[in-house]
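Contents: one structure, followed by commentary.
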Amino acid sequence: MSRFVFSPEVLHSVAKEAVANKPTIEGKVELLRSRLSEIYPGHIRQANEWVFNIAGGSMGHMTILHASISEYVIVFGTPIGTEGYSGRFLADDYFMILEGEQWAYDEDSMRKEIYRPGEMHIMPRGVARGYRMPDHCYALEYARGWVPAMLPFGLADSFTSTMDMRNVAKTVRIYAQATLGEWSTQLKERLLPGSKKPAAVASHADPLSVKGANGSNGRLTA
């Protein structure tokens, strides 16, 4: 049995469902929260609370659907565009585009990759990339690995640039609440024999819509 709660393939399938069925980002987020709550009961945060995220020179906002010390699931994006550095982490990152486009490049590449709605940008642990959201863009993002080691990168700009301690406090509070809630859910599942486990869901991800830093299927433009 996997030590992780979430499956990237299942998350990608639900993200593509949201892309296909909801015309607005508000509708997509609502569908994601509802469907993932059915698939992973007790593991999805219900509060639709958004917070600024300033990291690696880029700025956007996010709502946290799930957080623990080994995983997080968020919706991240911006209505006006941004660009910056991805960071280099001890975690695998899956970035599933809901609206708009994300552009990315490697340190040794002279061409950009373009990720569009329904496609998934995979960054294995230890990989860093430059990226840009040229305009309105939102994505479902899933990370699995050592999440606490990612927090300094996620908060550093707030200490060295924006000096917005209110935003730091809000981010830490939401992450702490989500993590404690997840610990409580996992404890109940271990102690109560009748606790409902995450449902198995068939995934039919289109291989052509899964691309990433491993170079297996990146779409390049001059």
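Any chance region 158-165 includes a residue that's of a type in the set (A, V, I, L, M, F, W, C) and under 19 Å from the mean Cα position of the chain (by Cα)? Taking every residue of region 158-165 in turn, none turns out to be of a type in the set (A, V, I, L, M, F, W, C) and under 19 Å from the mean Cα position of the chain (by Cα). I74 meets the conditions (1) surrounded by 18 or more Cβ atoms within 10 Å (Cβ to Cβ); (2) among the aliphatic types (A, V, I, L, M); (3) free of Cβ contacts under 8 Å to residues at least 40 places away in the same chain in every case but one. The failed one is (3).
Screening F89 against (1) more than 17 Å from P8 (Cα to Cα); (2) surrounded by fewer than 18 Cβ atoms within 10 Å (Cβ to Cβ) leaves a single unmet condition, (2). Only one of the listed residues (A67, A91, A128, A104) is under 11 Å from the mean Cα position of the chain (by Cα) and of a type in the set (A, V, I, L, M). That residue is A67.
Being of a type outside the set (G, A, S) and out of contact with any helix residue (DSSP H, G or I) (no Cβ under 9 Å at 6 or more places or on another chain) narrows it down to one of D108, D92, so name that one. Before you say what the answer is, go through the steps one by one.
On the way: D92 fails: out of contact with any helix residue (DSSP H, G or I) (no Cβ under 9 Å at 6 or more places or on another chain).
The match here is D108.
Within region 90-107, identify whether any single residue is under 23 Å from N167 (Cβ atoms), in contact with a Gly (Cβ under 6 Å, 6 or more places away or on another chain) and modelled with pLDDT of 95 or more, and answer yes or no. Yes; the residues of region 90-107 include at least one that is under 23 Å from N167 (Cβ atoms), in contact with a Gly (Cβ under 6 Å, 6 or more places away or on another chain) and modelled with pLDDT of 95 or more. If you go through region 48-80 and pick out every residue that is in contact with a Ser or Thr (Cβ under 8 Å, 6 or more places away or on another chain), assigned to a loop (DSSP other than H, G, I, E, B) and either among the polar types (S, T, N, Q) or farther than 19 Å from A91 by Cβ (or both), you end up with 3. One residue stands out in region 96-111 among those that are out of contact with any Phe, Trp or Tyr (no Cβ under 7 Å at 6 or more places or on another chain) and closer than 20 Å to G60 by Cα: the one that is surrounded by the most Cβ atoms within 10 Å (Cβ to Cβ), namely M96.
The values are calculated or read from the model by the stated rules, or taken from the named source; none is laboratory data. These numbers were taken from a predicted model, which means no experiment stands behind them. Every residue, glycine among them, receives a Cβ derived from its backbone with ideal geometry; neighbour counts consider all protein chains shown.
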